[in-house]
1. To the nearest µm²/s, what D does Stokes-Einstein give for the protein assembly as shown at 25 °C and 0.890 mPa s, using the Kirkwood radius over alpha carbon pairs as Rh?
2. Please report, for the Cα atoms of chain B, the Rg to one decimal and the Dmax as a whole number; what are they, in angstrom?
3. Could you list log10 I(q)/I(0) for the stretch A:65-111 at q = 0.13, 0.20, 0.21 Å⁻¹, which the Debye formula gives when each Cα is one point scatterer?
4. What whole-number value in Å² describes the accessible area per residue of the stretch A:31-111 for a 1.4 Å probe?
5. Using a 1.4 angstrom probe, figure out how much accessible area chain B has per residue, in square angstrom, rounded to the nearest whole.
6. Taking θ as phi - 60°, what are the ³J(HN,Hα) couplings along the stretch B:93-100 by the Karplus curve (6.51, -1.76, 1.60), each to the nearest whole Hz, with x for Gly and Pro?
7. Give the cysteines in the protein assembly as shown for which no other Cys Cβ lies under 4.7 Å away, or write none if there are none.
8. Contact order normalised by length for the stretch A:1-50, with contacts defined as Cα pairs under 8 Å and 6 or more residues apart; what percent is it?
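The values are calculated or read from the model by the stated rules, or taken from the named source; none is laboratory data. The structure presented is a predicted model; accordingly, all values stated were derived computationally and were not measured. Backbone-built Cβ (ideal geometry, glycine too); neighbour counts: all protein chains shown. These accessible areas exclude ligands, DNA and RNA; they are computed on the full protein's heavy atoms, side chains included. Shrake-Rupley method; radii C 1.70, N 1.55, O 1.52, S 1.80 Å.
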Amino acid sequence: GEDVEQSLFLSVREGDSSVINCTYTDSSSTYLYWYKQEPGAGLQLLTYIFSNMDMKQDQRLTVLLNKKDKHLSLRIADTQTGDSAIYFCAVPYNQGGKLIFGQGTELSVKP
Amino acid sequence: GAVVSQHPSRVICKSGTSVKIECRSLDFQATTMFWYRQFPKQSLMLMATSNEGSKATYEQGVEKDKFLINHASLTLSTLTVTSAHPEDSSFYICSAREPGGLRTPQHFGDGTRLSIL
(Lines give C-alpha, C1' and ligand atoms only; values in the text may rest on other atoms or scores of the structure.)
Protein backbone atom coordinates (compact mmCIF):
# COMPACT_ATOMS: atom_id res chain seq x y z
CA GLY A 1 0.00 0.00 0.00
CA GLU A 2 0.87 3.66 -0.05
CA ASP A 3 3.44 4.90 2.45
CA VAL A 4 3.95 8.60 3.20
CA GLU A 5 6.89 9.81 5.30
CA GLN A 6 7.66 13.16 6.91
CA SER A 7 10.19 14.39 9.40
CA LEU A 8 8.57 14.99 12.77
CA PHE A 9 9.94 18.36 13.85
CA LEU A 10 11.20 21.61 12.38
CA SER A 11 12.26 24.71 14.26
CA VAL A 12 12.92 28.05 12.57
CA ARG A 13 13.27 31.69 13.54
CA GLU A 14 10.60 34.23 12.66
CA GLY A 15 11.27 35.72 9.24
CA ASP A 16 13.23 32.72 7.96
CA SER A 17 11.96 30.29 5.35
CA SER A 18 10.66 26.89 6.39
CA VAL A 19 10.89 23.80 4.22
CA ILE A 20 8.83 20.75 5.11
CA ASN A 21 9.57 17.57 3.21
CA CYS A 22 7.46 14.55 2.32
CA THR A 23 8.19 11.32 0.46
CA TYR A 24 5.66 8.84 -0.89
CA THR A 25 5.74 5.47 -2.57
CA ASP A 26 2.83 5.20 -5.01
CA SER A 27 3.86 6.73 -8.33
CA SER A 28 0.30 6.65 -9.65
CA SER A 29 -0.75 9.40 -7.24
CA THR A 30 -2.25 12.25 -9.23
CA TYR A 31 -2.82 14.89 -6.59
CA LEU A 32 -0.81 15.65 -3.48
CA TYR A 33 -2.04 17.81 -0.62
CA TRP A 34 -0.72 19.88 2.25
CA TYR A 35 -2.86 20.40 5.34
CA LYS A 36 -2.25 22.49 8.46
CA GLN A 37 -3.50 21.52 11.91
CA GLU A 38 -3.41 23.89 14.85
CA PRO A 39 -3.70 22.50 18.40
CA GLY A 40 -7.13 21.03 19.11
CA ALA A 41 -8.43 21.92 15.67
CA GLY A 42 -9.34 20.12 12.48
CA LEU A 43 -7.32 20.20 9.27
CA GLN A 44 -7.09 23.22 7.02
CA LEU A 45 -6.36 22.64 3.34
CA LEU A 46 -3.34 24.79 2.52
CA THR A 47 -2.63 23.88 -1.06
CA TYR A 48 -2.42 20.99 -3.46
CA ILE A 49 -0.49 20.17 -6.59
CA PHE A 50 -1.29 18.04 -9.61
CA SER A 51 1.23 15.39 -10.57
CA ASN A 52 1.82 16.99 -13.98
CA MET A 53 3.22 20.09 -12.25
CA ASP A 54 6.67 20.65 -10.81
CA MET A 55 5.91 23.73 -8.79
CA LYS A 56 2.99 25.73 -7.50
CA GLN A 57 3.23 29.07 -5.72
CA ASP A 58 0.49 30.69 -3.68
CA GLN A 59 1.52 33.82 -1.80
CA ARG A 60 4.03 32.70 0.87
CA LEU A 61 3.62 29.03 0.03
CA THR A 62 5.62 27.19 -2.62
CA VAL A 63 5.10 23.50 -3.36
CA LEU A 64 7.78 21.58 -5.22
CA LEU A 65 7.18 18.13 -6.66
CA ASN A 66 9.92 15.78 -7.81
CA LYS A 67 8.07 12.88 -9.39
CA LYS A 68 11.20 10.91 -10.16
CA ASP A 69 12.25 10.86 -6.51
CA LYS A 70 8.64 10.85 -5.23
CA HIS A 71 9.46 13.85 -3.10
CA LEU A 72 7.17 16.71 -2.18
CA SER A 73 8.10 19.84 -0.27
CA LEU A 74 6.30 22.84 1.17
CA ARG A 75 8.21 26.08 1.54
CA ILE A 76 6.84 28.84 3.73
CA ALA A 77 8.51 32.19 3.10
CA ASP A 78 8.88 34.78 5.87
CA THR A 79 7.65 32.32 8.50
CA GLN A 80 5.57 33.90 11.26
CA THR A 81 4.74 32.72 14.77
CA GLY A 82 1.19 32.11 13.56
CA ASP A 83 2.55 29.47 11.21
CA SER A 84 3.42 27.26 14.19
CA ALA A 85 1.31 24.13 13.71
CA ILE A 86 1.52 20.56 12.47
CA TYR A 87 1.71 20.18 8.70
CA PHE A 88 0.53 17.01 7.00
CA CYS A 89 1.14 15.90 3.46
CA ALA A 90 -1.53 13.59 2.07
CA VAL A 91 -1.69 11.40 -0.98
CA PRO A 92 -4.81 9.84 -2.50
CA TYR A 93 -4.75 6.06 -2.49
CA ASN A 94 -6.50 3.99 -5.14
CA GLN A 95 -9.63 5.08 -7.01
CA GLY A 96 -11.70 5.40 -3.86
CA GLY A 97 -10.13 8.76 -3.14
CA LYS A 98 -9.13 8.06 0.44
CA LEU A 99 -6.13 9.98 1.69
CA ILE A 100 -3.02 8.52 3.23
CA PHE A 101 -1.38 10.98 5.60
CA GLY A 102 2.21 11.41 6.63
CA GLN A 103 3.01 11.49 10.33
CA GLY A 104 2.90 15.28 10.36
CA THR A 105 5.73 17.78 10.84
CA GLU A 106 5.49 20.00 13.90
CA LEU A 107 6.72 23.46 12.92
CA SER A 108 7.92 25.65 15.76
CA VAL A 109 8.59 29.30 14.98
CA LYS A 110 10.72 31.19 17.48
CA PRO A 111 10.58 34.98 17.71
CA GLY B 1 -14.17 28.04 -0.07
CA ALA B 2 -15.86 24.77 0.78
CA VAL B 3 -16.90 24.47 4.41
CA VAL B 4 -17.46 21.35 6.46
CA SER B 5 -19.14 21.67 9.83
CA GLN B 6 -18.77 19.04 12.54
CA HIS B 7 -20.82 18.85 15.72
CA PRO B 8 -20.35 18.56 18.62
CA SER B 9 -16.81 19.80 19.10
CA ARG B 10 -16.37 18.04 22.43
CA VAL B 11 -18.15 15.25 24.25
CA ILE B 12 -17.50 13.90 27.73
CA CYS B 13 -19.67 10.98 28.79
CA LYS B 14 -19.80 7.84 30.86
CA SER B 15 -18.73 4.42 29.69
CA GLY B 16 -21.55 2.55 27.93
CA THR B 17 -23.09 5.66 26.39
CA SER B 18 -23.66 5.93 22.64
CA VAL B 19 -22.44 9.15 21.03
CA LYS B 20 -23.51 10.62 17.69
CA ILE B 21 -21.28 12.97 15.72
CA GLU B 22 -22.60 14.95 12.75
CA CYS B 23 -20.69 16.07 9.69
CA ARG B 24 -22.27 18.56 7.29
CA SER B 25 -21.09 20.08 4.05
CA LEU B 26 -22.42 23.62 4.21
CA ASP B 27 -22.07 24.98 0.71
CA PHE B 28 -21.73 21.95 -1.49
CA GLN B 29 -23.17 18.49 -1.91
CA ALA B 30 -20.96 15.59 -0.98
CA THR B 31 -21.75 12.11 -2.18
CA THR B 32 -18.72 10.86 -0.30
CA MET B 33 -17.56 11.76 3.18
CA PHE B 34 -14.73 10.25 5.20
CA TRP B 35 -14.32 9.60 8.91
CA TYR B 36 -10.88 9.69 10.51
CA ARG B 37 -9.57 9.05 13.97
CA GLN B 38 -6.54 10.77 15.44
CA PHE B 39 -4.74 9.81 18.64
CA PRO B 40 -2.64 12.43 20.46
CA LYS B 41 0.55 13.34 18.65
CA GLN B 42 -0.29 10.97 15.82
CA SER B 43 -1.45 11.17 12.25
CA LEU B 44 -4.96 10.60 10.95
CA MET B 45 -6.18 7.09 10.31
CA LEU B 46 -9.11 6.55 7.99
CA MET B 47 -11.93 4.64 9.66
CA ALA B 48 -14.52 4.49 6.91
CA THR B 49 -15.81 6.00 3.71
CA SER B 50 -19.40 7.17 3.90
CA ASN B 51 -21.42 6.97 0.70
CA GLU B 52 -24.75 8.73 0.28
CA GLY B 53 -27.57 6.28 -0.10
CA SER B 54 -25.50 3.15 0.45
CA LYS B 55 -23.53 1.33 3.09
CA ALA B 56 -20.28 2.72 4.37
CA THR B 57 -16.98 1.08 3.49
CA TYR B 58 -14.93 0.34 6.59
CA GLU B 59 -11.17 0.04 6.80
CA GLN B 60 -9.59 -3.14 8.02
CA GLY B 61 -9.78 -3.48 11.77
CA VAL B 62 -12.62 -1.01 12.25
CA GLU B 63 -15.72 -2.58 13.81
CA LYS B 64 -18.75 -1.58 11.78
CA ASP B 65 -21.13 -2.54 14.58
CA LYS B 66 -19.20 -0.31 16.95
CA PHE B 67 -18.94 2.69 14.64
CA LEU B 68 -22.25 3.14 12.84
CA ILE B 69 -22.24 5.45 9.86
CA ASN B 70 -25.30 6.90 8.18
CA HIS B 71 -25.18 9.14 5.10
CA ALA B 72 -28.83 9.91 4.54
CA SER B 73 -28.48 13.08 2.49
CA LEU B 74 -25.96 14.78 0.24
CA THR B 75 -24.95 17.17 3.01
CA LEU B 76 -25.00 15.06 6.17
CA SER B 77 -23.14 12.03 7.45
CA THR B 78 -23.29 10.81 11.04
CA LEU B 79 -20.95 8.62 13.04
CA THR B 80 -22.37 6.89 16.10
CA VAL B 81 -19.96 5.36 18.57
CA THR B 82 -22.08 2.69 20.24
CA SER B 83 -21.57 1.68 23.87
CA ALA B 84 -18.44 3.78 24.08
CA HIS B 85 -15.60 2.76 26.38
CA PRO B 86 -12.47 4.64 27.53
CA GLU B 87 -10.40 3.15 24.69
CA ASP B 88 -12.74 4.91 22.23
CA SER B 89 -11.59 8.27 23.57
CA SER B 90 -9.99 10.06 20.64
CA PHE B 91 -10.26 12.96 18.21
CA TYR B 92 -12.68 12.16 15.38
CA ILE B 93 -12.54 14.23 12.19
CA CYS B 94 -14.73 14.06 9.13
CA SER B 95 -14.02 15.27 5.64
CA ALA B 96 -16.02 15.78 2.49
CA ARG B 97 -14.88 15.91 -1.09
CA GLU B 98 -16.03 18.70 -3.35
CA PRO B 99 -18.12 17.71 -6.35
CA GLY B 100 -16.13 16.88 -9.42
CA GLY B 101 -14.99 13.35 -8.73
CA LEU B 102 -11.66 12.10 -7.54
CA ARG B 103 -9.76 15.13 -8.75
CA THR B 104 -11.14 17.43 -6.09
CA PRO B 105 -9.69 18.08 -2.65
CA GLN B 106 -11.15 17.01 0.66
CA HIS B 107 -12.15 19.59 3.23
CA PHE B 108 -12.14 18.76 6.91
CA GLY B 109 -14.38 19.60 9.82
CA ASP B 110 -12.98 20.99 13.07
CA GLY B 111 -13.11 17.60 14.74
CA THR B 112 -14.86 16.15 17.79
CA ARG B 113 -12.89 15.36 20.91
CA LEU B 114 -14.51 12.38 22.59
CA SER B 115 -13.66 11.57 26.19
CA ILE B 116 -15.17 8.50 27.80
CA LEU B 117 -14.93 8.33 31.58
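1. Rounded to a whole number, D works out at 135 µm²/s.
2. Rg and Dmax of chain B, Cα atoms, are 13.5, 42 Å.
3. The computed values of log10 I(q)/I(0) come out as -0.42, -0.82, -0.86.
4. On the way: 3720 Å² over 81 residues.
With the other protein chains kept in place, the stretch A:31-111 gives 46 Å² per residue.
5. Numbers: 5840 Å² over 117 residues.
So chain B comes to 50 Å² accessible per residue, rounded to a whole number.
6. Residue by residue, the stretch B:93-100 yields 10, 10, 9, 9, 9, 4, x, x Hz.
7. Result for the protein assembly as shown is B:13, no neighbouring Cys Cβ within the cutoff.
8. Working: 51 pairs, mean separation 14.9, N = 50.
30 percent.
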